[in-house]
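The next block holds one structure in the form of structure tokens; read it before the comments.
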């Protein structure tokens with residue numbers, strides 16, 4: 001029995017997961033995309049996209065409570081299906097891009113559900129309003145990666161636009177906005193240098 005306990009203890013101490021250090025990934029701005037979608041006029045599906053995303057993802061293998069995701073999204077990059085809609089969305093009617101230049105997301109907790117599935121709790125700031133949100137996320141498998149120093153994260157959530165003081169045209173535009181996020185990130189340079 002003592003020998004089994006000793007072997008078990010040795011196995012745990014020699015586990016690479018136990019000694020794995022946290023890794024920081026920088027968002028690949030040119031390969032990260034955010035899509036907003038909603039219904040308008042009863043049944044018309046509308047969509048807009050945001051780019052220029054910056055930020056970082058910190059992953060601590062075996063300790064998901066230390067994981068962090070922080071991103072900043074410039075509202076100036078917003079593009080809708082036509083110029084008029086793009087202008088309206090950037091105007092004071094909605095995002096008010098002149099006064100509030102960035103949308104910011106900061107995670108407060110990342111829960112590893114297993115098999116590459118995560119639940120991400122965090123705070124989303126739009127304009128001068130910050131609200132808690134929950135994202136359902138999937139970490140892409142190795143087949144989606146061109147390098148072991150990269151990660152791909154897909155996440156989705158739905159928010160109420162009125163909760164962020166964007167409740168204009170409520171009769172015409174649905175209050176629920178779906179957000180789909182595709183983040184591609186690469187290992188930060190200092191992390192790359194320290195990896196074997």
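Of 93, 135, all but one fail to be crowded, with 16+ Cβ neighbours inside 10 Å and either out of contact with any strand residue (DSSP E or B) (no Cβ under 7 Å at 6 or more places or on another chain) or at pLDDT 95 or above (or both); the exception is 135.
Please go through the stretch 68-79 and pick out each residue that is under 17 Å from the mean Cα position of the chain (by Cα) and assigned to a strand (DSSP E or B). Within the stretch 68-79, 68, 69, 70, 71, 72, 73, 74 qualify. Of the residues making up the stretch 80-103, those that are under 30 Å from residue 22 (Cα atoms) and either touching a residue at least 40 places away in the same chain (Cβ under 8 Å) or assigned to a helix (DSSP H, G or I) (or both) number 1. The set of residues in the stretch 108-125 that are surrounded by 16 or more Cβ atoms within 10 Å (Cβ to Cβ) and either within 15 Å of residue 156 (Cβ to Cβ) or modelled with pLDDT under 95 (or both) comprises 110, 112, 118, 120, 122, 124.
No other residue among 77, 138, 106, 54 is under 18 Å from residue 32 (Cβ atoms) and without any contact (Cβ under 8 Å) to a residue 24 or more places away in the chain apart from 138.
The values are calculated or read from the model by the stated rules, or taken from the named source; none is laboratory data. In this text the structure is predicted, and so the values were computed from the model without any measurement. Quick reminder, even Gly has a Cβ in these numbers, built from the backbone with ideal geometry, and neighbours come from all protein chains shown.
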